[in-house]
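Reviewing the structure listed below.
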Amino acid sequence: ILYSGAGEQPLLNYMVMKTGLNSYNFAYSLPDGDKTGCCVSSKHFEEQDRILYDKGNRLTYIHYIGVPPDLIRRVCAGENIDFPYRDLFLHYRYLREPEKRPIFTEPLKSYTEVSTPNLLKRVWRRLRINV
């Protein structure tokens with residue numbers, strides 16, 4: 001499945017599927033009662049000691065789908081843009097190089113303010129179609 005804002009992930013998914021390489025899906029390895037969400041847009045996760053929990057179950061991983069790779073690069077370069085679980089992302093991103101973690105000096109901006117609308121949204125806007 002191809003979607004905008006996903007960086008190279010759709011291409012990597014396609015390559016793995018076409019080559020027949022074995023892949024591992026964490027979601028299938030856990031019993032139903034232990035399965036968690038993984039999407040960064042889920043606002044109900046609880047953070048405790050720099051670990052996210054979904055209804056008491058520890059997340060295996062978090063998927064930053066919907067947060068464009070370009071935006072993450074900008075944050076790592078020092079632009080003060082907020083996105084879900086940003087501080088947790090920065091903690092693990094700079095875990096072994098904390099001195100490289102960006103120090104923000106500008107006011108915080110929401111990632112929805114600074115994200116460029118995808119082509120379809122721009123076309124709809126141009127045609128004055130509200131979705």
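Which one is surrounded by the most Cβ atoms within 10 Å (Cβ to Cβ), of the residues in the range 72-86 that are in contact with a Ser or Thr (Cβ under 9 Å, 6 or more places away or on another chain) and closer than 18 Å to GLN9 by Cβ?
Step one: filter the range 72-86 for residues in contact with a Ser or Thr (Cβ under 9 Å, 6 or more places away or on another chain), giving 78, 80-84.
Retained after the next criterion (residues that are closer than 18 Å to GLN9 by Cβ): 83-84.
Details: PHE83: 20, PRO84: 17.
Taking the candidates together, the pick is PHE83.
Which residue pairs have Cβ atoms under 7 Å apart, sit 6 or more places apart or on different chains, and have a first residue in the range 74-99 that is among the charged types (D, E, K, R) and a second that is assigned to a loop (DSSP other than H, G, I, E, B) and loosely packed, with under 13 Cβ neighbours inside 10 Å?
Close Cβ pairs satisfying both conditions: ASP82/LEU108.
From the list VAL123, VAL114, VAL67, exactly one residue is within 24 Å of LEU12 (Cα to Cα) and either of a type in the set (A, V, I, L, M) or within 16 Å of the chain's Cα centre (by Cα) (or both). Which is it? I'd like the intermediate steps shown before the answer.
Details: VAL123 fails: within 24 Å of LEU12 (Cα to Cα); VAL114 fails: within 24 Å of LEU12 (Cα to Cα).
One residue alone meets the criteria, VAL67.
For the range 3-14, check the following and say yes or no: at least one residue is closer than 28 Å to VAL114 by Cβ, in contact with a helix residue (DSSP H, G or I) (Cβ under 6 Å, 6 or more places away or on another chain) and surrounded by 13 or more Cβ atoms within 10 Å (Cβ to Cβ). Steps first, answer last, please.
Taking the range 3-14 and keeping what is closer than 28 Å to VAL114 by Cβ, we get 3-13.
Now restrict to residues that are in contact with a helix residue (DSSP H, G or I) (Cβ under 6 Å, 6 or more places away or on another chain): 7.
Next, only the ones that are surrounded by 13 or more Cβ atoms within 10 Å (Cβ to Cβ) stay: 7.
For the range 3-14, residues closer than 28 Å to VAL114 by Cβ, in contact with a helix residue (DSSP H, G or I) (Cβ under 6 Å, 6 or more places away or on another chain) and surrounded by 13 or more Cβ atoms within 10 Å (Cβ to Cβ): present.
Name every residue in the range 22-44 that is modelled with pLDDT of 85 or more and of a type in the set (A, V, I, L, M), in order of residue number.
Across the range 22-44, the qualifying residue is only VAL40.
Please find, among PHE45, PHE89, PHE26, the residue that is on the phi < 0 side of the Ramachandran plot, surrounded by fewer than 15 Cβ atoms within 10 Å (Cβ to Cβ) and among the hydrophobic types (A, V, I, L, M, F, W, C).
Details: PHE45 fails: surrounded by fewer than 15 Cβ atoms within 10 Å (Cβ to Cβ); PHE89 fails: surrounded by fewer than 15 Cβ atoms within 10 Å (Cβ to Cβ).
Within the list PHE45, PHE89, PHE26, the selection yields PHE26.
Checking SER110 against (1) touching an Asp or Glu at 6+ places or on another chain (Cβ under 6 Å); (2) under 30 Å from SER29 (Cβ atoms); (3) among the small types (Gly, Ala, Ser), only one condition comes out false. Which one?
Result: SER110 passes all but (2).
Output the residue which, of all residues in the range 57-71 that are in contact with a Phe, Trp or Tyr (Cβ under 7 Å, 6 or more places away or on another chain) and closer than 21 Å to GLU113 by Cα, is surrounded by the most Cβ atoms within 10 Å (Cβ to Cβ).
VAL67
Would you mind telling me which numbered condition in (1) more than 16 Å from the chain's Cα centre (by Cα); (2) not in a helix (DSSP H, G or I) SER42 fails?
SER42 satisfies all of (1) more than 16 Å from the chain's Cα centre (by Cα); (2) not in a helix (DSSP H, G or I) except (1).
Of (1) in a loop (DSSP other than H, G, I, E, B); (2) closer than 19 Å to SER110 by Cα, GLY37 satisfies all except one. Which?
Answer for GLY37: the failing condition is (2).
Would you call THR19 at pLDDT below 85, polar (S, T, N, Q) and surrounded by fewer than 13 Cβ atoms within 10 Å (Cβ to Cβ)?
Working: at pLDDT below 85: no; polar (S, T, N, Q): yes; surrounded by fewer than 13 Cβ atoms within 10 Å (Cβ to Cβ): yes.
No: the conditions fail for THR19.
The values are calculated or read from the model by the stated rules, or taken from the named source; none is laboratory data. Given the structure is predicted, the values throughout are model-derived calculations rather than measurements. Positions of Cβ are backbone-derived with ideal geometry, glycine not excepted, and every protein chain shown enters the neighbour counts.
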